[in-house]
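Take a look at the structure set out below.
The values are calculated or read from the model by the stated rules, or taken from the named source; none is laboratory data. Fair warning: this is a prediction, and the values are worked out from it, not measured in the lab. All Cβ positions, glycine included, derive from the backbone under ideal geometry; neighbour counts span all protein chains shown.
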Amino acid sequence: MTYQTLKMGISAIKAGNMREGGRLVRIAIQSEDLTDAQRASGWVWLAHTMNEPQKRIRCYEEALRLEPDNQFAQERLRELKPPAPPPPPDNLPAPPADLPTGKPATPPPPQTLPGTNTMPAPRALSPEAQKQQPIESLSAQKSPYSPPPQRRTTWKQSEPVDPARETQTATAVPVNYNNYTQANTPPPNNNASRGGVHYRTVGIIGGPEGDATGFFMSKGGLVVTTRHAIGGSLYVNYALSDGTVERAQVVRSWPEYDVALLHTGRPVEQLIPMANTPDIPDNMPLKAVAHGGFVVEGVKRATRTDFGHWFPTTIDSMRDAGGNPVFNDQGLLVGMLTANANPSAPYVFGLHSIFIRNLVREYKAHMENYERGMAYCSACGHISNAGVYGGFYCEHCGTVLPHAVESERFNLPTMAPLYGESMNSPCPRCESTSGFYKGACLRCGHRV
């Protein structure tokens, strides 16, 4: 009876009824009444019902475990398991020594990608003056940052849920460091001669959604703000609390979490002290500080829903486009205010600071293996390795990378493993490896 069930399932798959055929084959291959060869055949046919390459690979591996000489499964595995990407060319220059520590070299003039937003030059300089003046000289200018009046939130996003959490030991709060009535209150014995100025916030100038706020998350000069604030920019201008204006390079972003990292190259001696737990009690008073010392107050909104990395607030108006550090009633950093709002209410959400710190660590760990040619993709926020192997497109989203915008782009067969173009078995009719959906080739429609 089990063998008949297997035959019925295979017949259904041949007829194009993948769902029913897969159900019958699964029932049959779990029985011990079949021989190993019969069960291996069942796994092979079950692979035809899978759309995801990894699931198909597992089916063929199970078939080879039961019948090691199954040539069909061996051939399919060779097609589905691509070789490792080719080694980088030998003539590439060595990577800069400071990049693995999260300190990219001084950025060149911005390169504009089609369809992306770029930050304007500082308002105090004309285009002719900018061409003659290096980026470092921008620090001598005063900030034009002026937060707009309070506004109701309009930009909404679905509320992500992820229960992963981590704790951190809180550091001592410097005296008057969180005096919200002042733009910048450095602690005693501040030694500015070593470049160790204490900046609580920075102002993001002229973003696609207007001015915004950011704050330092590493002593090496990494600033965190919202992806909403910087959009698809590669470089942004930011203002310090003492009024100077400088330029930062966007090095990583996570649109799904509304987080962006900027590299300023400016060392700081002390970061904002962080709370030692991601848990914020209901109704705890919160203060969101916009650049310039503007404070918006609220509480942690009581709710039965677990928002994972996010926490709801009763704040329904913002001074800018987000990125404000959020402090609890003890003056400790608990998160970053974003423009994300509940679809049914104007209240905005904050992102836990410990989760943001983990994203910063993820970026630093990635850059420890930096290779010449790696580039930030402003479209999806990932760091692309395509340039390391001579590719032109981001392997995560397919966007043309900055170095290839003005160059001639052509097909490189060695790029197939990087872009996953050899992950699907070829269609028996047109030999396309574009893949299959519901048993039909995505290129010519032939049903397998």
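Points worth noting:
- Residues that are in contact with a Leu (Cβ under 9 Å, 6 or more places away or on another chain), crowded, with 24+ Cβ neighbours inside 10 Å and in contact (Cβ under 8 Å) with a residue 40 or more places away in the chain, drawn from the stretch 229-244: Ile230, Val236, Asn237
- Residues of the stretch 248-288 satisfying the condition of being in contact with a Pro (Cβ under 7 Å, 6 or more places away or on another chain) and over 17 Å from Arg357 (Cα atoms): Gln249
- Qualifying strands (runs of 3 or more DSSP E) (wholly inside the stretch 187-255; at least 1 residues being in contact with an Asp or Glu (Cβ under 9 Å, 6 or more places away or on another chain) and modelled with pLDDT under 95): 202-207, 210-216, 235-239, 245-254
- Across the stretch 408-448, the qualifying residues are those that are in a loop (DSSP other than H, G, I, E, B) and hydroxyl-bearing (Ser, Thr, Tyr), and the one among them that is modelled with the highest pLDDT is Ser432.
- Total residues in the stretch 248-272, condition farther than 18 Å from Met336 by Cβ and crowded, with 23+ Cβ neighbours inside 10 Å: 0
- Options Ser378, Ser432, Ser384: the member that is hydroxyl-bearing (Ser, Thr, Tyr), free of Cβ contacts under 8 Å to residues at least 24 places away in the same chain and crowded, with 16+ Cβ neighbours inside 10 Å: Ser384
- Scanning the stretch 319-355 for residues that are part of a loop (DSSP other than H, G, I, E, B), surrounded by fewer than 23 Cβ atoms within 10 Å (Cβ to Cβ) and out of contact with any Lys or Arg (no Cβ under 7 Å at 6 or more places or on another chain) returns Asn328, Asp329, Gln330, Gly331, Leu332, Asn342, Ser344, Ala345.
- Selection status of Arg361, basic (Lys, Arg), more than 14 Å from the chain's Cα centre (by Cα) and surrounded by fewer than 19 Cβ atoms within 10 Å (Cβ to Cβ): no
- The condition of being crowded, with 17+ Cβ neighbours inside 10 Å and touching a strand residue (DSSP E or B) at 6+ places or on another chain (Cβ under 6 Å) does not hold for Gly373.
- Failed condition for Gly445, given (1) in contact (Cβ under 8 Å) with a residue 40 or more places away in the chain; (2) closer than 30 Å to Ile57 by Cα: (1)
Residue-by-condition table, conditions (1) at pLDDT below 80; (2) under 30 Å from Arg247 (Cβ atoms):
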position: Gly9; (1), (2): no, no
position: Gly22; (1), (2): no, no
position: Val25; (1), (2): no, no
position: Ser31; (1), (2): no, no
position: Lys55; (1), (2): no, no
position: Ala73; (1), (2): no, no
position: Pro89; (1), (2): yes, no
position: Ala105; (1), (2): yes, yes
position: Pro109; (1), (2): yes, yes
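- Residues satisfying the stated conditions in the stretch 341-354, i.e. in contact (Cβ under 8 Å) with a residue 24 or more places away in the chain and either among the polar types (S, T, N, Q) or touching a Pro at 6+ places or on another chain (Cβ under 7 Å) (or both): Asn342, Tyr347, Phe349, His352, Ser353, Ile354
- Residue check for Thr277: farther than 15 Å from Thr201 by Cα and in contact with a helix residue (DSSP H, G or I) (Cβ under 9 Å, 6 or more places away or on another chain): yes
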